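So the structure is just underneath, and the comments pick up after that.
Values quoted throughout were computed directly from the atomic coordinates according to the rules given, and no laboratory measurement underlies them. Here the structure is a predicted model, which means the values were calculated and not measured. Note: ideal-geometry Cβ built from the backbone for every residue, glycine included; neighbour counts use all protein chains shown.
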């Protein structure tokens, strides 16, 4: 199963492997079916779950170590023995673009600050952060960190998870960053109040991603809904397709304030 992961001399879990290769190899004796029918996992299942979740956690948090390593290599020019530029080093050795490398570098400090902030907290915030703070959520905090500092980004994320816990999403992080008044950035109480106001404003509503343009989205849908696609659907399920088309026409016409009278082919012929 590999050695235990140790941080400052303290083992982090029973037999959790300490390298990515060991993590993958530790998931052995793959079951082909459920091992037991009991509500509580048996010992063999608990052991397998620990190894599987360790691998998943490693995947989600790997960007932290990668970003930190890339910054050290870039700033210290440790690539110079084999490559002329940092960009060449990233592309040729690791098959990653300079843009992605830059993203990793920008996010690692935020992640490290957040884990330092919640380490040892009695209200299990560290567990929540370790389960939710992947690169997508960390990337959503970058603009706030660049404008107002890493502490401001950490305060906002902590305010979010204290309320939403495991329900925090990447879109929620981006929305909270956009909604944060500049004068509240970096101030604990003001940030918490701003986050509560933002969450109240989206309660019961489906929030669109920041990049979503409703007109462009509708345009893409109409382009995909070609006559050929409708004819193919008719061949597969004529009655179902007619029903869907009728409902779509009625919904769209109502939305744009148009009155449409729908007649079937039989009605048109009789007329």
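Annotations for the structure displayed:
- Ranking of 26, 143 by neighbouring Cβ atoms within 10 Å, starting from the fewest: 143, 26.
- Förster-model FRET efficiency, 22 Å R0, residue 52 and residue 115, C-beta, rounded to 0.05: 0.50
- Length gained on full extension, residue 200 to residue 136, computed as 0.36 nm times the residue gap minus the Cα-Cα distance: 20.7 nm.
- On full extension, the segment bounded by residue 27 and residue 96 gains 22.1 nm, given 0.36 nm per residue less the C-alpha separation.
- Zone of residue 78's modelled label, taken as backbone nitrogen in the range 99-114 under 20 Å from a point 7 Å along Cα→Cβ: 99-113
- Computed extension length for residue 166-residue 236: 21.0 nm, one decimal, from 0.36 nm per residue of separation with the Cα-Cα distance subtracted.
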